[in-house]
Amino acid sequence: MSPNSGISTVEMSEKGNIDDRNNSCVQSTKQADFDTAIAATGYGKFHILLYMALVPVSWASTIDTANMSVIFPAAECDLGLTMFHKGILNAAVYFGMVSSGLIWGYLADVKGRKSIIIYGFLADGICNILLGFSQNFWMLFFFKCIIGCIISGPYASVMSYYSEFYSTKSRTRITLIVGLTITAGAVVNMALAWLVIPQKWSIVLWDGYFVYNSWRMFLSMCSVPTLIGVFCLSFFPESPKFLMSQGRKDEAMKVLRKIYRINTGQPEENYPISELVDEREVTKSTDLPLSDSKPGEKTFREGLLQMKPIFFKPHICRLLLMVTLQFCSMLGLNTIRLWQPQIFAILENFDPIKYNINDHEPAFCEILDAATNLAKNTSMIGGDVEPKNCSEVVISESMYIDSMIVSATSIVSLSLASVLVNLLGHKNLLYICYTLCAVSLISMTWSTNAILTLALTCLYVGVMNTTLNIVIGAAVILFPTSLRTMAVSLEMIMGRIGSLIGNVVFPVLLQYGCMTPIFTIACFPLFGIVLAFFIPKEKRKTKNVESGS
């Protein structure tokens with residue numbers, strides 16, 4: 001037995017800490033790196049409570065991108081919304097995300113994860129409350145752009161913050177869990193809409209100049225999960241990994257001891273680590289100043305230097321491939337996903353007799369074409385246009401239930417993909433997913449059955465959502481550690497640009513007939529099949545490839 005192990009045995013017998021297996025490998029005289037220190041805290045109540053606090057805020061980004069799409073059937077007559085207006089409102093949040101994405105990443109590395117999460121989500125919640133008081137198209141557009149600018153920061157920080165309370169080997173599983181939780185926000189969004197929007201609640205003031213009805217109340221209530229999460233997270237500490245990266249070892253030690261006490265129920269003095277390494281030295285950044293020494297300029301300069309290699313060979317070709325794939329995936333996914341509630345409302349309210357269709361069951365595109373021809377009586381431009389022939393849309397519960405089913409499909413498909421990616425690899429799985437998406441979307445145009453249309457929509461949205469995460473996972477493998485974060489960030493920026501373009505262009509193409517936008521969108525997964533051919537074969541050294549999923 002070595003001298004070190006002998007010391008550990010004495011300490012365990014004196015304190016009765018038989019369950020603490022970390023004492024045998026960590027000594028008070030030896031500095032511990034982050035992985036060793038966080039492993040010594042164990043897993044328990046702290047991690048469970050942190051996850052529960054993160055759940056409501058993790059829904060925020062999904063709710064923010066989708067809540068506008070579910071109000072259109074109820075709001076189109078109130079606000080005089082044309083199909084083009086709806087596309088602009090769907091795209092507004094992505095415009096905000098694109099304009100602020102890189103800035104938030106820089107701030108998170110300088111100011112810390114927790115502060116970005118707390119203040120970012122707080123601002124998001126307040127803006128959602130104000131969004132509900134919007135009285136016209138331009139107010140909705142303004143607040144959705146602001147919300148997009150705000151949400152991209154805390155959204156990106158949530159994953160980093162939670163994973164930094166775990167050791168490196170545990171982060172694959174944690175990333176998947178948080179990813180599934182974020183996806184579940186779409187179900188929460190639809191469930192809340194189902195409970196609130198069909199109600200006849202309405203407050204009218206000043207002779208109708210101010211109206212606060214059920215769909216506006218729904219927009220304000222979208223802030224509730226976020227604000228609850230902010231309140232809960234205010235009781236949790238900053239990420240110990242971030243504190244160590246800033247050289248704030250004493251603060252990090254206090255956090256680690258607190259986690260140890262909550263997880264094990266033992267006094268903080270029993271925590272087996274007494275000293276932490278200076279991670280600035282480990283990362284060869286010994287000259288990085290502390291937070292009170294103007295770190296911003298230096299961090300920004302170092303960030304630019306770290307970004308530089310990704311824009312040159314051999315990384316530039318892979319970067320172009322990955323961002324183009326993500327552009328295809330997110331354009332294809334978010335265009336159909338955000339227009340799906342409006343499409344379902346059109347299908348639910350379609351009356352064949354009104355259009356003299358008595359001899360056959362109308363197909364999907366036949367119904368959309370008829371609805372689009374009616375909508376041509378409205379102007380394509382202007383925020384205060386009163387549509388001609390606008391009648392109140394009957395909002396049935398089935399529209400929301402069907403939308404919840406579509407949203408839930410993404411959770412199932414992501415769970416399945418996390419298993420299949422290790423068996424098939426990212427490249428082969430992309431072939432399968434893009435093919436299924438193209439086939440299901442094209443088949444939808446001839447669907448004459450509501451159940452079949454729902455099934456095809458579920459298949460398309462669920463599988464297309466999976467491709468988005470597979471592409472991120474592929475980037476994690478293809479790029480070295482120092483470039484992965486930047487590669488994924490650029491992927492998401494291009495993907496959001498695709499989402500923006502898709503939602504603006506979709507209603508324009510719809511004026512030329514249903515087949516035009518459907519087949520145009522179907523071209524993107526087909527193009528994705530071609531691009532996937534150029535993804536390098538994976539060197540299957542590790543099994544945690546779904547870490548980016």
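The values are calculated or read from the model by the stated rules, or taken from the named source; none is laboratory data. All values derive from a computational prediction rather than experimental measurement. Backbone-built Cβ (ideal geometry, glycine too); neighbour counts: all protein chains shown.
Can you tell which of MET217, MET244 is at pLDDT below 90, in contact with a Phe, Trp or Tyr (Cβ under 7 Å, 6 or more places away or on another chain) and in a helix (DSSP H, G or I)?
Values: MET217 fails: at pLDDT below 90.
From the options MET217, MET244, the qualifying one is MET244.
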- Query: With respect to ARG484, is the statement that it is closer than 19 Å to ILE151 by Cβ and of a type in the set (Lys, Arg) true?
  - Reply: no
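Here is a list: PRO525, PRO517, PRO507. Which entry is over 25 Å from ASP64 (Cβ atoms) and not basic (Lys, Arg)?
The unique qualifying residue is PRO525.
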- Query: If a residue has to be within 15 Å of PHE311 (Cβ to Cβ), among the hydrophobic types (A, V, I, L, M, F, W, C) and part of a helix (DSSP H, G or I) to count, how many in the stretch 479-497 make the cut?
  - Reply: 6
- Task: Return the residue satisfying two criteria in turn: it lies in the stretch 358-390 and is farther than 25 Å from PHE141 by Cβ and surrounded by fewer than 16 Cβ atoms within 10 Å (Cβ to Cβ), and of such residues it is modelled with the highest pLDDT.
- Result: GLU361
- Note on the structure: Counted residues in the stretch 512-543 being among the charged types (D, E, K, R) and either surrounded by 13 or more Cβ atoms within 10 Å (Cβ to Cβ) or at pLDDT 90 or above (or both) come to 1
- Only listed residue being more than 31 Å from the chain's Cα centre (by Cα), modelled with pLDDT under 85 and part of a helix (DSSP H, G or I), chosen from GLU281, GLU269: GLU281
- Message: Could you check the stretch 247-266 and list, in sequence order, the residues that are of a type in the set (Gly, Ala, Ser) and outside any loop (DSSP other than H, G, I, E, B)?
- Response: ALA252
- Message: So if I check each of LEU454, LEU414, LEU490, LEU478, which one is surrounded by 19 or more Cβ atoms within 10 Å (Cβ to Cβ) and within 25 Å of PHE519 (Cβ to Cβ)?
- Response: LEU454
